[in-house]
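Since the structure comes first, as structure tokens, the remarks are kept for the end.
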Amino acid sequence: MGTVTVGVSIAVPEPYGSMLQQCRAGFGDSAAHSIPTHITLLPPTEVEAADRPVIERHLADVAAAGQPFPLRLSGTDTFRPLSPVVFVRLAEGAASCAGLQERVRAPEGPLARELNFPYHPHVTVAHGIDEPSMDRAQEELADFEAAWLITGFALYEQGTDDGVWRLVREFRFPGRPPLPAVPRQAGMSRPAAPAP
């Protein structure tokens, strides 16, 4: 069956995902339309195609142990000069992403691997383009803000012929997010939790 290249990531939801993808294309990044907007949990990794059922079981187990968590994007930063990347920063949720990617890459699991750089969750908006365009990406998205609840992650596979990353399977956390705190006032009781 040969090998395939897979990745595991958290998708950036709409409308933010398409907006950032269009921005990335507008900055001149030719890979923009091949890569859904995401936060990486496992970078591109070559695996045996026959191992995919084992990989999917592993990821299902990781998801089953997870809980939804809030994530907030705010502003931009860059890995330059170490790496030619401009990205949108995680202002909230980075620690949860870090813990999740450690479980995905667990040493005893089928996706165990070392990383080329220390893990730093982010959303790439420009990669490997000319410096003026990188500067423009960093400046134009400096005020970008978005927030949502992370309820799972997904496995992607890269097309061997076209290099396009395609969704293989989503993995959802079973936990329900906590109810927001409601201030107590005289004569008020907390609202009851909704029925399952």
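The values are calculated or read from the model by the stated rules, or taken from the named source; none is laboratory data. Predicted model only: the values in this text are computed from it and were never measured. Note: ideal-geometry Cβ built from the backbone for every residue, glycine included; neighbour counts use all protein chains shown.
Answer yes if at least one residue in region 183-190 is at pLDDT 95 or above, on the phi < 0 side of the Ramachandran plot and either small (Gly, Ala, Ser) or out of contact with any Asp or Glu (no Cβ under 9 Å at 6 or more places or on another chain) (or both), and no otherwise. Outline the logic, then answer.
Going residue by residue through region 183-190, those that are at pLDDT 95 or above are none.
Among the residues of region 183-190, not one is at pLDDT 95 or above, on the phi < 0 side of the Ramachandran plot and either small (Gly, Ala, Ser) or out of contact with any Asp or Glu (no Cβ under 9 Å at 6 or more places or on another chain) (or both), which makes the answer no.
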Exercise. Please name all residue pairs, on different chains or six or more residues apart, with Cβ atoms under 9 Å, provided the first residue is in region 82-94 and is more than 14 Å from Glu145 (Cα to Cα) and the second residue is assigned to a strand (DSSP E or B) and acidic (Asp, Glu).
Key: Val86/Asp77
Quiz prompt | Complete set of residues in region 108-147 that are in contact with a Phe, Trp or Tyr (Cβ under 9 Å, 6 or more places away or on another chain) and closer than 13 Å to Ile39 by Cα | solution = His120, His122, Val123, Thr124, Val125
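Yes/no per residue for (1) within 19 Å of Arg136 (Cα to Cα); (2) out of contact with any Leu (no Cβ under 9 Å at 6 or more places or on another chain); (3) not hydroxyl-bearing (Ser, Thr, Tyr):
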residue	(1), (2), (3)
Val4	no, yes, yes
Pro15	no, yes, yes
Ala31	yes, yes, yes
Arg52	no, no, yes
Quiz prompt | Cross-chain or 6+ apart pairs with Cβ under 7 Å, region 109-128 first and in contact (Cβ under 8 Å) with a residue 60 or more places away in the chain, then acidic (Asp, Glu) | solution = Pro110/Asp51; Ala126/Asp29; His127/Asp29
Quiz item: Name the residues in region 1-12 that are touching a strand residue (DSSP E or B) at 6+ places or on another chain (Cβ under 6 Å) and either more than 16 Å from Pro121 (Cβ to Cβ) or among the basic types (Lys, Arg) (or both), would you?
Solution: Thr3, Val4, Thr5, Val6
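Sort out which residues of region 95-130 are among the β-branched types (Val, Ile, Thr) and either more than 18 Å from Ala147 (Cα to Cα) or assigned to a loop (DSSP other than H, G, I, E, B) (or both), and write them in order of number.
Once the filter is applied, which keeps residues that are among the β-branched types (Val, Ile, Thr) and either more than 18 Å from Ala147 (Cα to Cα) or assigned to a loop (DSSP other than H, G, I, E, B) (or both), region 95-130 yields Val104, Ile129.
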Quiz prompt | Which listed residue is in contact with a His (Cβ under 7 Å, 6 or more places away or on another chain) and among the aliphatic types (A, V, I, L, M), from Val4, Val8, Val12 | solution = Val12
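Tell me, please, whether a residue that is more than 20 Å from Glu140 (Cβ to Cβ) and surrounded by fewer than 20 Cβ atoms within 10 Å (Cβ to Cβ) can be found in region 18-26. Before you say what the answer is, go through the steps one by one.
To start, the set of residues in region 18-26 that are more than 20 Å from Glu140 (Cβ to Cβ) comprises none.
Checking region 18-26: not a single residue is more than 20 Å from Glu140 (Cβ to Cβ) and surrounded by fewer than 20 Cβ atoms within 10 Å (Cβ to Cβ).
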Quiz item: List the pairs whose first member sits in region 140-157 and is in contact (Cβ under 8 Å) with a residue 12 or more places away in the chain and in a loop (DSSP other than H, G, I, E, B), whose second member is of a type in the set (A, V, I, L, M) and surrounded by 15 or more Cβ atoms within 10 Å (Cβ to Cβ), and whose Cβ atoms are under 7 Å apart, counting only residues at least 6 apart or on separate chains?
Solution: Leu141/Val88; Leu141/Val125; Phe144/Leu73; Phe144/Val88
Quiz item: From the set of residues in region 21-46 that are out of contact with any helix residue (DSSP H, G or I) (no Cβ under 9 Å at 6 or more places or on another chain) and of a type outside the set (D, E, K, R), which is modelled with the lowest pLDDT?
Solution: Ser30
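Can you tell me which residue is surrounded by the fewest Cβ atoms within 10 Å (Cβ to Cβ) among those in region 40-94 that are outside any loop (DSSP other than H, G, I, E, B) and of a type in the set (Lys, Arg)? Full working, then the answer.
Step one: list which residues in region 40-94 are outside any loop (DSSP other than H, G, I, E, B), which gives 40-64, 69-78, 85-92, 94.
Among the residues that remain, those that are also of a type in the set (Lys, Arg) are: 52, 57, 72, 89.
Numbers: Arg52: 18, Arg57: 12, Arg72: 14, Arg89: 17.
Of everything passing the filter in region 40-94, Arg57 is surrounded by the fewest Cβ atoms within 10 Å (Cβ to Cβ).
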